[in-house]
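Q: Take this structure, written in structure tokens, and hold onto it; I'll ask about it next.
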Amino acid sequence: MTKMDGSFIPALKFHRLTSLYDPLVRWTTRENTFKRFLVKQVQLSPNQWGLDLACGTATLALLIRKTYPQSYIVGIDGDAKILRMALRKVSEFNANISLLRGLSFELPYPNDSFSAVFSTLFFHHLTRENKQRTMHEVLRVLQPGAALYIADWGKAQNLLMRTAFLAVQLLDGFENTTDNVRGLLPDLLADSGFIQIHELHHYMTLLGTISVYKALKAK
Ligand SMILES: C[S@@+](CC[C@H](N)C(=O)[O-])C[C@H]1O[C@@H](n2cnc3c(N)ncnc32)[C@H](O)[C@@H]1O
């Protein structure tokens with residue numbers, strides 16, 4: 001057991017379910033639609049660095065890489081098992097993406113490293129305290145004027161979406177997910193020092209509302 005075990009919730013809570021992650025997310029969350037939308041919100045220039053925070057199986061990192069082939073893409077995740085799946089996908093597509101095991105609230109990067117940080121379906125895995133620690137870390141590693149782009153469970157648009165989200169809460173836990181479904185991620189981002197925080201879009205999915213947020217680091 002390493003220091004990292006127990007410090008994160010695996011993609012589908014139990015390690016034995018991780019191999020089902022990709023098909024499940026593809027079928028239940030409109031993954032392709034919201035990830036493409038997210039990636040299009042930024043224009044990464046050649047030689048700029050982008051981070052996929054809690055990259056999971058690297059679906060988003062691959063999409064960023066495909067969209068901005070001349071930029072440098074890094075994926076980080078706390079789970080060695082899911083990173084092995086990510087590595088297989090990255091090798092299959094012969095994509096130049098660096099994958100690293102690490103935790104979101106102790107990022108192993110210098111200040112002002114990244115031109116953009118992306119994160120999908122991740123913040124609901126964190127307690128409020130770890131959400132805030134993570135937001136501070138992201139702010140530290142972003143370049144001034146650069147943005148964090150989040151797609152994650154957001155404020156339920158209606159009773160149907162609120163009810164659907166119970167399935168996610170039963171799996172991932174109520175403590176980590178309540179701030180998401182109450183629509184509090186923008187407030188937490190503001191408390192952490194981000195500015196110009198906007199919900200860019202939201203999507204109804206089989207498991208609830210997914211919101212896309214953009215938050216800037218001041219220049
Ligand atoms: C639901 S999955 C999302 C994966 C990927 N971003 C996607 O959109 O498919 C959540 C991921 O967060 C990772 N994770 C959870 N807590 C973490 C932490 N504190 N630091 C880094 N990774 C973490 C899990 O290992 C898992 O891969």
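The values are calculated or read from the model by the stated rules, or taken from the named source; none is laboratory data. The shown structure was predicted, so the numbers you read here are calculated from the model rather than taken from an experiment. Don't worry about glycine lacking a Cβ; one is built from the backbone with ideal geometry, like all the others, and counts go over all protein chains shown. The protein model used for the area step is the full one, side chains on, heavy atoms only, and it has no ligands, DNA or RNA in it. Shrake-Rupley method; radii C 1.70, N 1.55, O 1.52, S 1.80 Å.
Q: Could you give every pair whose Cβ atoms fall below 6 Å, whose first residue belongs to region 175-191 and is in contact (Cβ under 8 Å) with a residue 12 or more places away in the chain and under 14 Å from Ile150 (Cβ atoms), and whose second residue is in a helix (DSSP H, G or I) and of a type in the set (Phe, Trp, Tyr), counting only separations of at least 6 or pairs across chains?
A: Note: no pairs meet the criteria.
Q: Given the conditions (1) more than 9 Å from the ligand (Cβ to nearest atom); (2) surrounded by fewer than 19 Cβ atoms within 10 Å (Cβ to Cβ); (3) modelled with pLDDT of 95 or more, and given that Asn47 satisfies all but one, which numbered condition is not satisfied?
A: Asn47 satisfies every listed condition except (3).
Q: Further question on the same structure: Restricting to region 28-62, name every residue that is touching a residue at least 60 places away in the same chain (Cβ under 8 Å) and on the phi > 0 side of the Ramachandran plot.
A: Listed by number, the residues that qualify are Arg30, Ala54, Gly56.
Q: Moving to a separate point now. Out of the residues in region 174-208 that are touching a His at 6+ places or on another chain (Cβ under 6 Å) and among the hydroxyl-bearing types (Ser, Thr, Tyr), which is nearest to Thr127 (Cα to Cα)?
A: Thr177
Q: Is at least one residue of region 105-126 modelled with pLDDT of 95 or more, within 9 Å of the ligand (Cβ to nearest atom) and surrounded by fewer than 16 Cβ atoms within 10 Å (Cβ to Cβ)?
A: yes
Q: Restricting to region 89-134, give me the number of residues that are among the β-branched types (Val, Ile, Thr) and part of a loop (DSSP other than H, G, I, E, B).
A: Here the count works out to 1.
Q: Restricting to region 127-159, and then to whatever is open to solvent by 10 Å² or more (accessible area, probe 1.4 Å) and among the polar types (S, T, N, Q), can you tell me which residue is farthest from Ser211 (Cα to Cα)?
A: The selected residue is Gln143.
Q: Of everything in region 9-36 that's more than 10 Å from the ligand (Cβ to nearest atom) and open to solvent by less than 50 Å² (accessible area, probe 1.4 Å), which residue is nearest to Ile150 (Cα to Cα)?
A: Selected residue: Thr28.
Q: Please list, ordered by first then second residue, the pairs with beta carbon atoms under 7 Å, 6 or more apart or interchain, first in region 63-83 and within 12 Å of the ligand (Cβ to nearest atom), second of a type in the set (D, E, K, R) and open to solvent by less than 10 Å² (accessible area, probe 1.4 Å).
A: Pairs that qualify, where the first residue is within 12 Å of the ligand (Cβ to nearest atom) and the partner is of a type in the set (D, E, K, R) and open to solvent by less than 10 Å² (accessible area, probe 1.4 Å), are Ile64/Asp52; Gly75/Asp52.
Q: Quick test for you: out of Leu184, Leu171, Leu216, pick the one residue that is modelled with pLDDT under 95, within 19 Å of the chain's Cα centre (by Cα) and open to solvent by 10 Å² or more (accessible area, probe 1.4 Å).
A: Of Leu184, Leu171, Leu216, the one residue that is modelled with pLDDT under 95, within 19 Å of the chain's Cα centre (by Cα) and open to solvent by 10 Å² or more (accessible area, probe 1.4 Å) is Leu171.
Q: Also, I was wondering about something else. Quick one: what pairs do we get from region 15-27, first residue in a helix (DSSP H, G or I), second open to solvent by less than 100 Å² (accessible area, probe 1.4 Å) and among the β-branched types (Val, Ile, Thr), C-beta under 6 Å, 6+ apart or different chains?
A: From region 15-27, the pairs are Thr18/Ile82; Asp22/Thr57.
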